[in-house]
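**Q** The following block contains the structure, expressed as structure tokens.
The values are calculated or read from the model by the stated rules, or taken from the named source; none is laboratory data. Keep in mind that this is a model prediction, so the values were computed, not measured. Positions of Cβ are backbone-derived with ideal geometry, glycine not excepted, and every protein chain shown enters the neighbour counts. When the accessible area is computed, the model is the full protein with side chains, heavy atoms only, and any ligands, DNA or RNA have been set aside. Shrake-Rupley method; radii C 1.70, N 1.55, O 1.52, S 1.80 Å.
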Amino acid sequence: MQTLHSIREFCSLHHIPAISTATEHFLKQLLLEHTPKVCVEIGSAVGYSSIYMNSIVADRGGMVYSFEVSYRDYLRAVAYAHEMHTYNLMLYPFSILDIDPKLCIPTTVDMIFIDAQKAQYADYMTALEYCIQSTTVIVCDDVIQFHNKLTSLYT
């Protein structure tokens, strides 16, 4: 049986990016404090952060919608989610920029976590604009480390 710990070990061993433990603790704090029910994640890789967020929001009947462009990573995420009996998690094997997001995501979202192609952060925000409300929590990972790739977001 897979655990979040074993998924993190797999990511480390195979050089697959996973959220840092600091980001994990930060997300937990946000998820507990703001109690979102509908979350969107852009860039799930093998599903570590999706499964992690879902483990918190599912207890309140919440849902996580997650997008990953690497089909291989998407399949691994689906397998991990299934093996860990993770429900209330919708994984999609494509970029949110390749479809009309209204086909996949409800009309309002409580939290958005973006951790994908840094140069496209602004495009992701534009695509999700329709579902952002005044209380939506938006987290963009790695904005300091990769600030040089995020000029369109800053603009």
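**Q** Please find, within the range 102-118, the residue that is farthest from THR136 (Cα to Cα) out of those that are open to solvent by less than 30 Å² (accessible area, probe 1.4 Å) and assigned to a strand (DSSP E or B).
**A** Per the stated criteria, the residue is ILE114.
**Q** Between residues in the range 79-107 that are closer than 14 Å to SER66 by Cβ and residues that are open to solvent by 70 Å² or more (accessible area, probe 1.4 Å) and in a helix (DSSP H, G or I), which pairs lie under 6 Å by C-beta distance while being six or more apart or on different chains?
**A** PRO93/TYR71
**Q** Could I ask something else about it? Restricting the first residue to the range 108-123 and requiring it to be closer than 17 Å to VAL69 by Cβ, which pairs with a second residue that is surrounded by fewer than 20 Cβ atoms within 10 Å (Cβ to Cβ) and among the aromatic types (Phe, Trp, Tyr) meet a Cβ separation below 6 Å and a spacing of at least six or different chains?
**A** Hits for this filter: LYS118/PHE146.
**Q** Let me ask another. Looking at (1) closer than 21 Å to ILE132 by Cα; (2) out of contact with any Asp or Glu (no Cβ under 8 Å at 6 or more places or on another chain), can you tell me which one SER49 breaks?
**A** Of the numbered conditions (1) closer than 21 Å to ILE132 by Cα; (2) out of contact with any Asp or Glu (no Cβ under 8 Å at 6 or more places or on another chain), the odd one out for SER49 is (2).
**Q** Out of GLU83, GLU68, report the one residue that is modelled with pLDDT of 95 or more, open to solvent by 10 Å² or more (accessible area, probe 1.4 Å) and among the charged types (D, E, K, R). Let's see the steps before the verdict.
**A** Numbers: GLU83 fails: modelled with pLDDT of 95 or more.
Only one candidate passes the filter, namely GLU68.
**Q** I've got another one for you. Taking the condition in contact (Cβ under 8 Å) with a residue 40 or more places away in the chain, under 16 Å from LEU91 (Cα atoms) and touching a Lys or Arg at 6+ places or on another chain (Cβ under 9 Å), does TYR65 pass?
**A** no
The rows are residues; the columns are (1) surrounded by fewer than 17 Cβ atoms within 10 Å (Cβ to Cβ); (2) touching a Gly at 6+ places or on another chain (Cβ under 6 Å); (3) not aromatic (Phe, Trp, Tyr).
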position: LEU27; (1), (2), (3): no, no, yes
position: SER49; (1), (2), (3): no, no, yes
position: TYR52; (1), (2), (3): no, no, no
position: ARG76; (1), (2), (3): no, no, yes
position: ALA79; (1), (2), (3): yes, no, yes
